[in-house]
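A short write-up of the structure that comes next.
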């Protein structure tokens, strides 16, 4: 008589994970930064948060530069404006270029001329100068008609 000892120990660990799809309607979802991501749908861009809530409808040619302040650049028809990450348009897209902000002010280009705006789009210096550069103590160096002038922005 043969004794066959057969022992079999099978251990199964079943982990039941649930998942929730938060967004499947976009062609592309960018990397999240500061809790938001740029999304693309039919060649237009918008913005969602990490819960999938649409913050800005995908109607822009490009959206970039959303930092900790929640303000980004919104491009449409070759022009750029400013938009908050909640969809509030701060500056209509009327400029060819908006430089990065320094002390709450940015140099803008409209046509061939430069001016300056604040975060709310208020024009601080009309775009009528060939060149603008920041100087110390709130001064701005401007060139108009080939001559340099210094401008002081009033607070």
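Some observations on this one:
- Computed FRET value (nearest 0.05) for residue 97 with residue 128, which takes r as the C-beta separation and R₀ as 25 Å: 0.95
- Cα Rg over Rh - segment 96-155, Kirkwood: 0.93
- Extended-chain gain in nm, criterion 0.36 nm per residue less alpha-carbon gap, residue 119 and residue 62: 18.6 nm
- Calculated on C-alpha atoms, the gyration radius of segment 24-111 divided by its Kirkwood radius gives an Rg/Rh of 0.97.
- Separation of the residue 41 and residue 141 label points, Cα + 7 Å toward Cβ, nm: 4.8 nm
- The stretch between residue 151 and residue 69 holds 26.8 nm of extra length on full extension. This uses 0.36 nm per residue minus the Cα-Cα distance.
The numbers here are math on the coordinates, done by the rules we state, and not lab data. Predicted model only: the values in this text are computed from it and were never measured. Note that each Cβ is placed from the backbone with ideal geometry, even for glycine, and that neighbours are counted across all protein chains shown.
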